[in-house]
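Data block below; observations after.
Values in this text are rule-based calculations from the coordinates and carry no lab data. As the structure is a computational prediction, the values presented were derived from the model and not from experiment. Heads up, the Cβs are rebuilt from the backbone with ideal geometry, glycines too, and the neighbour counts pull from every protein chain shown.
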Amino acid sequence: MADDLRERWRAAFWDALQRHHTAAVLKEASLQGRLGDWTAALTDGVVATCVAMGWQAAAKGHPLDLLPEARHEYLAMDVMAFAPSGANWRFPVAVMELENSRNDARIAYSLWKVLCVRASLRIVYCYRRQAEQGAALVHWMGREVIGAFTITERMNIEGETLVVVGSRDEAATFPYGFFRWWVLDSNLGQFRPY
């Protein structure tokens, strides 16, 4: 079931980036290294993906009044998505951090943040100039963040945790060549590409 959610998200994300007007802005921002523009365009694409999944999302520039307390962001998460429900208060179905920092520790903090939230899907999007830099970052975060948890803590992480690294690689195949996907394997305590 979790694999299905992960795959549905990725398919909806690809579709949203190809259909949504922000795709050209995201591609150009990646190529030019304008990370503020990259984050703004990615936010629009991620929110469009949430809508395609049948969810409502709160994010900067995308206010949500679904809960009794209306917000652009909940719990200082860049994007928080909610599945349909009749309840006023509910757990999010997904949380995402869209981190454009060049500082590895800042991205590790974003990973730790999403791991602290109860959700079926947790994603950290980040950016590195080349794809191999992203692979090194993801392996390092696996050691630093996931490796800090006890086996029991790690095994109690429910849902899917993904790290998606955007880069400037393979511009001709945008968006596919721009994003590398990694999933947390809780049994092994490390991320693996998929």
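When only C-alpha pairs under 8 Å and at least 6 residues apart count, what is the relative contact order of the chain, in percent? Can you show the working numbers first?
Numbers: 343 pairs, mean separation 30.8, N = 194.
Relative contact order for the chain comes out at 16 percent.
Which of Asp44, Asp65, Asp78 moves the most in a Gaussian network model of the chain with Cα springs under 10 Å?
Between Asp44, Asp65, Asp78, it is Asp65 that shows the largest mean-square fluctuation.
Sort 100-113, 155-168 for me by packing, meaning the mean count of neighbouring Cβ atoms within 10 Å per residue, highest on top.
Final packing ranking: 155-168, 100-113.
How much of the DSSP bridge set in segment 2-193 is antiparallel, in percent, rounded to the nearest 5?
In segment 2-193, DSSP labels about 60 percent of beta bridges as antiparallel.
Roughly how many nanometres apart are two label points built 7 Å out from the Cα toward the Cβ at Asp15 and Arg106?
Distance between the two pseudo-spin positions: 3.4 nm.
Using a 7 Å offset from the Cα along the Cα-to-Cβ direction at both Glu69 and Ala87, what is the distance between the two label points in nm, to one decimal?
Between Glu69 and Ala87, the label points sit 1.7 nm apart.
On a full-extension model of 0.36 nm per residue, what is the gain between Ala24 and Ala148, subtracting their alpha-carbon distance, rounded to one decimal in nm?
Between Ala24 and Ala148, full extension yields an extra 40.7 nm.
Take the chain, connect every pair of alpha-carbon atoms lying under 10 Å apart with a spring to form a Gaussian network, then pick out the residue of Pro175, Pro68, Pro92 with the largest mean-square fluctuation.
Largest GNM mean-square fluctuation: Pro68.
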